[in-house]
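*Asks:* Below is the structure I would like to discuss, written out as structure tokens.
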Amino acid sequence: MPTTTTHDLLSLLNTALTTLCAILASAILVSAIRRAARKNKLLKLLPLAPGSKGWLAGHVPSLLARDFHSLMCRWSDELLCGGDSGSGGGAFAVALPFGDRGVVVTDPAAVAAVLGARRPGGGGRAGDERRRSSIALAAADTALPKYSPAYGVLDSLWGGSPSVFTCARRTARWRAVRKGVAPAFSVAAARGCVGGIAGAAAELCDSLLRQGEVVAAAEKVGKSGGGTGGEEGHLEEEQDRSLVVLSSSRSPSPSPSSSSAPPPPTLTITVNADALGMRLALSAVGRSTLGLDFGATRAEQRCAPVAALAVALPEAQAAMANPLRLFSKGRTARRAAAARSEFREAVLKASKSLREKAAAAAEATAGAAAAGGSSGKEKAAAAAALPAAASALASVLDPSTGKPLSAAALAAEVGTLVMGGFETTGHVLAFALLRVAACPRAQEGIERELRDAGLLSSSSSAAPPPPPSSSSSSSSAPSPPPRLPSSADLKALPYLLAVAKEALRLHPTVPGVPRMTSKEITLPLSSSSSSSSDSCSSSSRSPGSPSSPSSRKNSVVIPAGTFVYALMRHAQRAELEWGSDALEFRPERWFEAEEEEGEEAEVDAQEKKRRRRRPFYAPFSLGPRDCAGKTLALVTLHATLAVVCS
């Protein structure tokens, strides 16, 4: 028998390894096919949103529209209220590229579970703050990881390093940053920022009036057919017009029977509400957290962060579906790249300033300690030179190195603080102003409350105006400027706080969040309804629809590897949560008792269940990944509205 050679052994070993690899690859492929089949089987139980663009694109073009949250709400109403008996209730599917499917969750209990929170039971009054914070944190590990493609694109705005907002999972650095900045965003710290927030808002309002006068004069000169660069009232080229859209000054006709001096001219200013809200929020967050202004309080000047994000964010949203857009050389891409570069420059400048101020404060504190004696006051003065949030960020140690955050990491956190602090709150401010402008009842309530608190511009003139025959000229004198609100004043403005909360309910800072399942999960549905169709009227529900008792379920299964979008905006407008007037702007709901004595017998069973449960309210997201600065954001809304409305 011939002896086996080394070559034959190697050949045999190679064959065995090849066979083993083929078996393993086949097993992996079969497992993947089975998982995909199970995933498709589970997701096909959910109703599919209308308007898919086919196997290649799915619903992605629709999901990249600016109003995609409103579109999702319409889909939810159509699918979960329209009688589709195949629905799973509280969730529906959307088509993704290459035949894949994702899930949009609208049921309040399911949304809370996706975000790693749970809904406690209990009663109380609608104005009770503890009852209104409708979510209690559950085990932090239940929160789904963030969807990396959606959040990772934002990292390009500040240089590429992930931040506490964009990182997919809760890493050691995430925990260190979140824990380090938490005291700076406490209730006490937020109240201490009221003076700076109110002062910044007042500065912007004064600048807005001055800019309005300049624009009105320029337009008047233009209408008269004259005016050159050297003429008084000319609007110079470098002045920004993104805030003051139109302004006019008109002198009222004097009364023939009146011998007094003619009344002053009336100045009418048309303002871009969204730009105003963004500048108000940026000036507030810049001063209260970083000690910087960013030029937001000067209405006549261009504000770089606001202008840059207005261009960069829509392109970043488009790049979430097509990352290759980041490398495009087209005109739109070039404008977006320039905007990203401008915002990055502002962030790097702010982070560098923060580092320098922190070093100077530490040096001053060390010098005061070495001097001894009355160093306590000097230490306090050195610490007060830097806002609490900036000081906390500068003091955070990277767990991987044991040293302060690197320049890239610090820039990422500063960029998140700037973008998250004004881009979201600014939109809510704009919506709040628009809602108030369309609601005379809210205007009356705000005016009455500000006057009672002595914060209205005309409130100092308590005496009635003199009769027409009086020779006093005080009636033509302009009203003194209103007093700026303090932290104590805000406590006396509960109706204005309700206005801010109602605006947040209808227009949350975070309408929804994208997540990804790492394993198969079962999401609970609200006990009294299995769908997010609560915002539909009961007359629109047909027998056999998801909201009908015959088709109700108390959970929905989401397979592993599935894109999940938790739509908080729809849950906050649900009838089952907030009553039949859920879509109305009604700040008074925050003062009403949930169960009036003697009224229980006059409402149906569904209304009784709604009143016994805490309404879903999560304008700043929920769970361990919620907004760290939510308290400061609410104080910013409250104080800024007080200044603007006074």
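*Asks:* Provide the FRET efficiency to the nearest 0.05 for the Lys179-Thr268 pair, computing r from the beta carbons and using R0 = 41 Å.
*Replies:* On the way: r = 50 Å, r/R0 = 1.22.
After rounding, the FRET efficiency stands at 0.25.
*Asks:* Follow-up question, since we're still on this one. With each pseudo-label sitting 7 Å past Cα toward Cβ, what's the Lys491-Val30 distance in nm, one decimal?
*Replies:* Spacing of the two 7 Å Cα→Cβ label points: 7.1 nm.
*Asks:* To the nearest 10 square angstrom, how much accessible area does Arg287 have with a 1.4 angstrom probe?
*Replies:* Accessible area of Arg287: about 70 Å².
*Asks:* If ligands, DNA and RNA are left out, what is the accessible area of Glu342 with a 1.4 Å probe, given in Å² to the nearest 10?
*Replies:* Accessible area of Glu342: about 60 Å².
*Asks:* Report the label-to-label distance for Ala366 and Arg335 in nanometres (one decimal), using points 7 Å from each Cα along the Cα→Cβ vector.
*Replies:* 4.9
*Asks:* Longer than 19 Å from Cα to Cα, which of Lys357/Lys630; Lys352/Lys403; Lys53/Lys146; Lys349/Lys403; Lys53/Lys329 are they? Say none if no pair is. Don't skip to the answer; put the middle values down first.
*Replies:* Numbers: Lys357/Lys630 25 Å; Lys352/Lys403 17 Å; Lys53/Lys146 26 Å; Lys349/Lys403 21 Å; Lys53/Lys329 26 Å.
Long pairs (Cα-Cα over 19 Å): Lys357/Lys630; Lys53/Lys146; Lys349/Lys403; Lys53/Lys329.
*Asks:* Say each of Leu209 and Phe591 gets a label point 7 Å from the Cα, pointing the same way as Cα to Cβ; how far apart are those two points in nm?
*Replies:* With each label point 7 Å from Cα toward Cβ, the separation is 2.9 nm.
*Asks:* Give the calculated FRET efficiency between Ser11 and Ala560 to the nearest 0.05, with a Förster radius of 41 Å applied to their Cβ-Cβ distance.
*Replies:* Working: r = 41 Å, r/R0 = 0.99.
Taking R0 as 41 Å, the efficiency between Ser11 and Ala560 is 0.50.
*Asks:* If you don't mind, there's one more thing I want to ask. All other residues with a Cβ under 14 Å from the Cβ of Ser351 taken together, and with Lys, Arg as +1 and Asp, Glu as -1, what is their net charge? Intermediate results must be reported in sequence, preceding the final value.
*Replies:* Numbers: positive: Arg344, Lys349, Lys352, Arg355, Lys357; negative: Glu345, Glu356, Glu413.
Computed value for this residue: +2.
*Asks:* Around Ser646, with a cut-off of 11 angstrom between Cβ atoms, what is the net charge of the other residues, counting Lys and Arg +1 and Asp and Glu -1? If you can, show how the numbers build up before the last one.
*Replies:* Values: positive: Arg451, Arg483; negative: Glu447, Glu449, Asp489.
Once all neighbours under 11 Å are counted, the net charge is -1.
*Asks:* Express in nm, to one decimal, how much length is gained between Leu434 and Glu356 on full extension, taking 0.36 nm for each residue of separation and deducting their alpha carbon distance.
*Replies:* Length gained between Leu434 and Glu356: 24.0 nm.
*Asks:* Can you give the net charge of the other residues whose Cβ lies under 13 Å from the Cβ of Arg325, counting K and R as +1 and D and E as -1? Present the calculation step by step, with values, prior to reporting the outcome.
*Replies:* Details: positive: Lys329, Arg331, Arg334, Arg335, Arg340; negative: Glu315.
That sum, taken over residues with Cβ under 13 Å, equals +4.
*Asks:* Could you order Phe616, Phe563 by accessible surface area, starting with the largest, using a probe radius of 1.4 Å? All intermediate terms of the calculation are to be shown ahead of the outcome.
*Replies:* Working: Phe616 0, Phe563 30 Å².
Sorted descending by solvent-accessible area, the residues read Phe563, Phe616.
*Asks:* Ordering Ile521, Ile28 by how much accessible area each has at a 1.4 Å probe, largest first, what is the list? Walk me through the numbers on the way to the answer.
*Replies:* Working: Ile521 30, Ile28 115 Å².
Descending order: Ile28, Ile521.
*Asks:* While we're on this one: Roughly how many Å² of His7 are accessible to a 1.4 Å probe, to the nearest 10?
*Replies:* The value for His7 is about 140 Å².
The values are calculated or read from the model by the stated rules, or taken from the named source; none is laboratory data. Keep in mind that what you see is a predicted model, and the values were worked out from it rather than measured. Heads up, the Cβs are rebuilt from the backbone with ideal geometry, glycines too, and the neighbour counts pull from every protein chain shown. Heads up: the accessible areas ignore ligands, DNA and RNA and are worked out on the full protein's heavy atoms, side chains in. Shrake-Rupley method; radii C 1.70, N 1.55, O 1.52, S 1.80 Å.
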